[in-house]
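Asker: Below you will find the structure I want to go over with you.
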Amino acid sequence: MIVDLRSDTVTRPGKGMLDAMMNAKVGDDVFGEDETVNELEQKTAHLFGMESGLFCPSGTMTNQIAIKCFTNPMDEVICDETAHVYRYEGGGIAYNSMASVRLLYGDRGRINPDLIEPNINPDNIHYPKSTLVVLENTVNRGGGSCYTLEDIQPIYHLCKLKNLKLHLDGARIFNALTQTGDHAKDYGQLFDGISVCLSKGLGAPVGSVLLGSIETIEKAKRIRKVLGGGMRQAGFLAAAGIYALDNNISRLSEDHKNAKALAAALKELPFVIKVMPADTNIVIFELDKKHDAEDFVDKLLNHGIKCNTFGKQMIRFVTHLDINTDMINHTIEVLKKIH
Ligand SMILES: Cc1ncc(COP(=O)(O)O)c(C=O)c1O
């Protein structure tokens, strides 16, 4: 048995999704003529109470386009030091937007107005202009920690007051909504941009949708083109996204249950010194100093369990659509055996 806990991006489309893809009505999306892409963009925008959407090949692209839409060269972006936009997008903020970044040290990646406000630069030529705050929900490096709408509202008010834009990296926004019970519709009022990934927990093979006002998305379309992200008969991929939105949201609670079972088992192991709370589908844990994360990953691999290191003594497990209860039980049995 192979149990792939490296990421929720490893899922493969099942029969229902493949059928939807093969039956998609397509056209040239650069001409705006792909009706399936148009449907996905409208559906996602409607779901989040936003005006418009833009289908892109990846979450990195939707985030980077948003940052470029909301900043000018020499501006500064405020985000947590764990943020994907800062850590894992290849220095894209500097390269694409020529902006600097002010890093905050939040609670498992979650920031708040008390942290943000003192880091908004005064209007003075010595300082870069603070123009954008980026939140991530759920926070990948925070072990799938999430913000509630109540947490986000005061951040929104501060941004309004200080004339800053607010963008959400919602790569795993549906995991956050599953955990908090908040409604997607209420997000549209709080954010200027939202990136929604279809290829993580939702199980589509490719794609993210950037949401914003009509004006923002018009600008975003120009930036997507210049980045080479204008796709032609992309409806085959958008159909997978529509299928994922219709079929794969309600089952995310199973992934969360599986993550909790793994976390509970890990807490019992003598060589595991810390397990982050498994709030959603990510479990990050720390081995004692006698264990090296790389060696531990290799040992698990010998039993067919794939996972990633997350630091010298840190490991990450991610549960997803292609992980079932038997696989979780097998992983727990293996964890009990190895040391
Ligand atoms: C929090 C977060 N944001 C953005 C991305 C980028 O998505 P993509 O891999 O589609 O570029 C990821 C990828 O795993 C992610 O975890």
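Asker: Please work out if Tyr127 is in a helix (DSSP H, G or I), of a type in the set (Ser, Thr, Tyr) and at pLDDT 95 or above.
Answerer: Details: in a helix (DSSP H, G or I): no; of a type in the set (Ser, Thr, Tyr): yes; at pLDDT 95 or above: yes.
No; evaluated as a whole, the condition is false for this residue.
Asker: Cβ-Cβ distance below 6 Å, separation of 6 or more or different chains: which pairs start in the stretch 90-113 with a residue that is outside any helix (DSSP H, G or I) and end on one that is aromatic (Phe, Trp, Tyr)?
Answerer: Val101/Tyr86; Arg110/Tyr147
Asker: For Phe31, indicate whether it is aromatic (Phe, Trp, Tyr) and either farther than 22 Å from Gly170 by Cβ or in the same structural domain as Asn281 (by TED's automatic domain parsing) (or both). Give the derivation first.
Answerer: Details: aromatic (Phe, Trp, Tyr): yes; either farther than 22 Å from Gly170 by Cβ or in the same structural domain as Asn281 (by TED's automatic domain parsing) (or both): yes.
Yes.
Asker: From Ala244, Ala263, grab the single residue that is farther than 14 Å from Ile65 by Cα, among the small types (Gly, Ala, Ser) and away from the ligand (no atom under 14 Å from the Cβ). Give the derivation first.
Answerer: On the way: Ala244 fails: away from the ligand (no atom under 14 Å from the Cβ).
Result: Ala263 is the single residue among Ala244, Ala263 that is farther than 14 Å from Ile65 by Cα, among the small types (Gly, Ala, Ser) and away from the ligand (no atom under 14 Å from the Cβ).
Asker: Does the stretch 4-58 hold any residues that are within 16 Å of the ligand (Cβ to nearest atom) and of a type in the set (Val, Ile, Thr), and which are they?
Answerer: If the condition is that a residue be within 16 Å of the ligand (Cβ to nearest atom) and of a type in the set (Val, Ile, Thr), then Thr9, Val10, Thr11, Thr44 are the ones that fit.
Asker: In the stretch 306-339, how many are surrounded by fewer than 22 Cβ atoms within 10 Å (Cβ to Cβ) and assigned to a strand (DSSP E or B)?
Answerer: The total comes to 4.
Asker: Let me ask another. Assess whether Ile155 counts as being away from the ligand (no atom under 16 Å from the Cβ), in the same structural domain as Gly203 (by TED's automatic domain parsing) and not in a loop (DSSP other than H, G, I, E, B).
Answerer: Details: away from the ligand (no atom under 16 Å from the Cβ): yes; in the same structural domain as Gly203 (by TED's automatic domain parsing): yes; not in a loop (DSSP other than H, G, I, E, B): yes.
So Ile155 fits the description; yes.
Asker: Could we say that Thr280 is of a type in the set (Ser, Thr, Tyr), buried (at least 20 other Cβ atoms within 10 Å of the Cβ), modelled with pLDDT of 95 or more and outside the structural domain of Gly144 (by TED's automatic domain parsing) here?
Answerer: Numbers: of a type in the set (Ser, Thr, Tyr): yes; buried (at least 20 other Cβ atoms within 10 Å of the Cβ): yes; modelled with pLDDT of 95 or more: yes; outside the structural domain of Gly144 (by TED's automatic domain parsing): yes.
So Thr280 passes the test.
Asker: What are the pairs, 6+ residues apart or on separate chains, where a residue within the stretch 13-32 that is under 10 Å from Ala239 (Cβ atoms) has its Cβ under 9 Å from a residue that is of a type in the set (Val, Ile, Thr) and modelled with pLDDT of 95 or more?
Answerer: Hits for this filter: Ala20/Ile242; Ala24/Thr36; Ala24/Ile242; Lys25/Thr36; Val26/Thr36; Val26/Val37.
The values are calculated or read from the model by the stated rules, or taken from the named source; none is laboratory data. This structure is a prediction, so every number in the text was calculated from the model and none was measured. Quick reminder, even Gly has a Cβ in these numbers, built from the backbone with ideal geometry, and neighbours come from all protein chains shown.
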